[in-house]
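Notes to accompany the following structure.
The values are calculated or read from the model by the stated rules, or taken from the named source; none is laboratory data. Please read all numbers here as calculations on a predicted model, not as lab measurements. Note that each Cβ is placed from the backbone with ideal geometry, even for glycine, and that neighbours are counted across all protein chains shown. Accessible surface is based on the protein model in full, side chains and every heavy atom, while ligands, DNA and RNA are left aside. Shrake-Rupley method; radii C 1.70, N 1.55, O 1.52, S 1.80 Å.
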Amino acid sequence: MAEERVEEKINWPLWILLAVIVNVLANLAQGVLGVQGQFFGCIYSMGIVSIPFTLPTLALMLPMLAFPLRFLKGRLSTTSLAALYILGLVSSMSIGNFNDAYYSWPVGSSSRVWRAIPEVRDAMSKLWWVPPESALLPTWTTGGPVDWGAWLPAMLYVFLFHFIILIMTSAQMVILRRRWIEIEKVPYPFAIAIWESVRNIHGFEEVKHRKRQFLIGVAIGLFLYLAILLRFLFPWFPDLIGYYTAQASAIGCVDGLNSPVSSTIGASLVAFMRWNIQPINYAIAYLMPLDILFTTWLLWLIFMIMAQIAHVMGYYTGFETVSGADRVLLGPYTISPNWGPPIYWSWMCVTGGMVAFIVMMLWHARDYLREVFGAIFGTSAKARAIEAREPISYRMAFIQLLIGCVLLIAFFASLQIDFVLGSILFIFGGFIYPLAEAYARGLTGAAYAQERSKWPSWPVHLIYSRHPGTYTPGWCNALIMMHRGINTASGGFNTWSVVTMHSFRVADLSGIHPKTIYQMVFVFFVIAYAITLPFRVWWPHLLGARFPNCLSGWECAMMGEGAYNYVPPAEELVGPIIAGFIITVLLSSLRARFTWWPLHPMGFLISGAAREVWTGAWTNFLVAWVLKWVTLRVGGSRAYEEYGVPVAAGVLTGFVMVAILGSILGLIRWFIPF
C-alpha cells in the first residue's frame, strides 16, 4: 500500500508492561514444556515450531487470547492487534527453538567448551564470554544457585550478537522495504495467513463474508492436530490420520526407508529419502506463488530421476541399507545423491545459486536502488515524499547500516577472529545469508539459508579445503557462528532480517505506519532478550542434569576436524558453485525476459536447500501445487482469495488452538504426570 499513512499514538508504558508479562509467562512455560521433549519441545512451544515452514506461535496466540476483551470494551483497534502480532513475533523468535537456542545459548554452548577435547577447550576457554567451569557444575549435577556474575559475559555475548545483527540487517530491510512490499508485492505467506486469522477471529467487517470458509479450515486444523495430540498423550488412542503409522517425527518428517509406509520405495529409489506430512506445511505452501511451487517439485522429481540414473552407473552403492536421513544430510557426502557426486544438487542451490540469487535481486532493483541512493545523498522533494512512508529516512538507514558494520567488525575482533575468517563471516553472515533468507521467506514462507550441517561454511572450505589441524579461539568461534548462527529461524544471522520485513508486511496488511511497527520491533526485542536470557540460565540451574543438555564437546560440530572434512574438498565444490550461479542467473533472466517462462529461480534454489531436503518438503510443494492449481483453474483468483486463503488460515488457527491446549496439558503433566 502506497497511500499516505498517519503515525499512530502508542501507549508505550502499557505495551512495555504487557511485553514484560508476556515474556515472563512465556519463558516459564517454555522451560516446563521444553524439558519434556518430543512434541513439547518441537510443536507445543512458546518459541518457534515446525520446519521448514517455521511458525512463531505467539504471533497468532496473543491476538487469539485477546479475543475475550471484545466483550469488555468492544473489538480491539487494528493498531492493538498488529502490536500483539509484532510482540508475539519478536518474543517467539527471541525464545527460539528449544534445542538450538533455548538450552544451547548460553548454557549448552558454554558446557560444550569445557567438555571438549583439550585443544578445543584450551582455545575456547580464552574467549571473553566463556564462563569458568565451576559456574557450570550445578547444571551437570543436581542443580544449584546461579553465579550471575560468572554468567553475565555469556548472556552479554548472546545479546550483543543478536542486537548488532538486528541493527545491521534491519537497516538493509528498511532500504529494501518499498521495493519488496510495495513494488514486487512479495507475499510473506505467514503474514497473510496470520493476519487473515486475526481479522476473522476479531470480526473485521471486510472478512465476514468468508467466515464459513475460515471456520472450515479451523475445523480441519482442529481435527488433524487433535488426532496427533491425543495419540501422543494416550498411546491407546487410535491413529486416526496415520501419522504414527508412518512413524512421522514431531515436525512431520518421514524417513523414506525406515517408515513401514514407504520402505519399499525408499529401498528402491536412491533419492526417495524423506517425505513430509506436517499439515501446516501444506497450508502455508498453498499460499506460495504457483510458479515457485511448480518449479520446486518438478525439479526435485527430475533430480530423483538423475540420481537413479547415477545409481545405475555405479554411484551410491549399498544405499538400500542407508536411512533416508543419512542419505539426505547426516551421512558421508559420497552416499548422498544431493550432496555428493556426480550431481551435487544441494551444493548448487545453497552456494553459487544463493550468491546469484542476491546478485540478480539487486540487479533487477538497480533503478530502485539508484533512487534510494539519490535520496541518501540528496534532498529532493520527491525523496522526502517517498521517505515519509518509510520507518526512517534512507540516510538514517544507511548510517544505521554503517554503525552495524562497525559494531559487527569490533565484535568479531573481540572474539579473536582473524581477517580472512572475519571477512567471510562479515560478508555472508552480515549480508548474503540474511538477504537470501528474508527474500526467500517472503516469497515462500519456507527456510532457505538455514541448517547447520555441511554447507554454511562453504566459502571457508574454498580457502581451507581440509581442516588445518589446529584450533584457535577465532577459528572455533567463527565456525560456530557460521553454522549455529543460521541453524534455525532463531539462530541469529537470519533472524532479524526476516522479522523486520515480516513486520513491514504486517504494517502493509494492517495499514499501520511502518515507523510504528519498526519501533515496536526494537522495543520488544530489548525486553524479550532481557527476560529470556536470565531464564535460559536459570532453568538449567534449577533442574540440573534433568534439564536437557548436550554432553559432548564442540569438536563434534563443524569446527572439528572430523565434521569439517565430512564435506567435499574445494576442487569438488568449484564446479557445483559455478553451475549453481549460472543456472540461477539463467532462470532469473529468462523469467524477467519472458512472461510465459514457467520456471522460477526460487523454486530451483529451495528444491535442494538443506532444510527442504532434510524435511522432505517436496511433498508439501507437490500437494500444495495441485490444490492451488485446481483452485485457480476452477474459480480463478477470486476462488483463491475468497476460499483458499481463509481455509489455509483456518488450518493454521486450528493448529494454534491445539498448541494452546497441548501447552496447557504439558504444564499440567509436569506437575501431575499422566
May I ask you to work out the translational diffusion coefficient for the range 52-189 at 20 °C, viscosity 1.002 mPa s, via Stokes-Einstein with Rh from the Kirkwood sum over Cα pairs, reported in whole µm²/s?
-> 115
Put +1 on the Cβ of each Lys and Arg and -1 on the Cβ of each Asp and Glu in the range 56-165; which of PRO56, SER110, MET124 then has its Cα farthest toward the positive end of the dipole?
-> PRO56
Separation between Cα centres of the range 581-619 and the range 476-500, rounded to whole Å = 23
Quote the charge dipole size of the chain about the Cα centre in Debye, to the nearest 20; the model charges only the Cβ of Lys and Arg (+1) and of Asp and Glu (-1).
-> 1280
Select from GLY560, GLY580, GLY603 the residue farthest towards the positive end of the dipole of the range 557-634; place +1 on Cβ of Lys and Arg, -1 on Cβ of Asp and Glu, and compute about the Cα centre.
-> GLY603
Could you state the orientation-averaged shadow area of the convex hull built on the Cα atoms of the range 483-567, in nm² to one decimal?
-> 8.1
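Using the beta-carbon distance between LEU586 and SER134 and R0 = 51 Å, what value does 1/(1 + (r/R0)^6) give for FRET efficiency, to the nearest 0.05?
In this case the efficiency is close to 0.30.
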Quick one: with all protein chains in place, what share of the accessible area of the chain is carbon or sulfur, to the nearest percent (1.4 Å probe)?
-> 69
ARG466 accessible area, 1.4 Å probe, all protein chains in place, Å² to nearest 10 | 90
Taking the Cβ of ASP291 as the center, what net charge do the other residues with Cβ under 13 Å away carry, scoring Lys and Arg +1 and Asp and Glu -1?
-> +2
Hey, what's the Kirkwood Rh for the range 298-427 if you take every pair of different alpha carbons, in angstrom?
-> 19.3
Correct semi-axes for the range 370-516, from √(5λ) of the alpha-carbon gyration tensor and rounded to whole Å with the largest first, are 34, 19, 12
Binned at 10 Å from zero, the C-alpha pair distances of the range 139-211 give percents of 14, 20, 22, 19, 18, 6
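Quote to one decimal, in nm, the extra length available between PHE426 and HIS209 on full extension: 0.36 nm per residue of separation minus the C-alpha distance between them.
73.1 nm
Looking at the chain, do any whole DSSP H helices span at least 20 angstrom along their long axis by alpha carbon and average -1.0 or above on Kyte-Doolittle, and which?
Numbers: long enough: 12-34 (31 Å, 1.71); 78-95 (25 Å, 1.53); 148-177 (41 Å, 1.57); 211-233 (32 Å, 1.64); 290-312 (34 Å, 1.77); 394-414 (30 Å, 1.93); 495-510 (22 Å, 0.44); 514-543 (42 Å, 1.09); 570-593 (34 Å, 1.21); 618-639 (26 Å, 0.57); 645-671 (40 Å, 1.94).
Both cut-offs are met by 12-34, 78-95, 148-177, 211-233, 290-312, 394-414, 495-510, 514-543, 570-593, 618-639, 645-671.
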Rounded to whole Å², per residue accessible area for the range 189-279 with a 1.4 Å probe reads 39
In the range 232-311, the chymotrypsin sites (Phe, Trp or Tyr not before Pro) that sit in a DSSP loop and have at most 15 other Cβ atoms within 10 Å of their own Cβ are TRP236
With DNA, RNA and ligands ignored, accessible area of CYS556 (1.4 Å probe; Å², nearest 10) = 80
Distance violations [Cα-Cα > 26 Å] among LYS9/LYS208; LYS9/LYS211; LYS208/LYS628; LYS211/LYS515; LYS73/LYS208 = LYS9/LYS208; LYS9/LYS211; LYS211/LYS515
What are the principal axis extents of the Cα atoms in the chain, in Å, biggest first?
-> 67, 63, 60
In whole Å, how far is the Cα centre of the range 181-249 from that of the range 518-575?
-> 30
Please label the shape of the range 542-608 as rounded, prolate or oblate, based on the square roots a ≥ b ≥ c of the eigenvalues of the alpha-carbon gyration tensor (a/c under 1.5 means rounded; beyond that, a/b larger than b/c means prolate, else oblate).
-> oblate
Among the lysines, which have Cα under 29 Å from the Cα of LYS454 when same-chain residues fewer than 8 positions away are ignored?
-> LYS126
Taking only protein heavy atoms into account and a 1.4 Å probe, give the accessible area per residue of the range 1-103 in Å².
-> 36
Would you mind getting the accessible area per residue of the range 317-434, heavy atoms of the protein chains only, 1.4 Å probe, in Å²?
-> 40
Using a Förster distance of 22 Å, how high is the FRET efficiency between THR379 and ILE399, based on the Cβ-Cβ distance and rounded to 0.05?
-> 0.90
Return an integer: the convex hull volume of the alpha-carbon atoms of the range 510-637, in Å³ per residue.
-> 260
Of the candidates THR615, SER259, GLY47, the farthest towards the positive dipole end of the chain (Lys/Arg Cβ +1, Asp/Glu Cβ -1, centred on the Cα centre) is GLY47
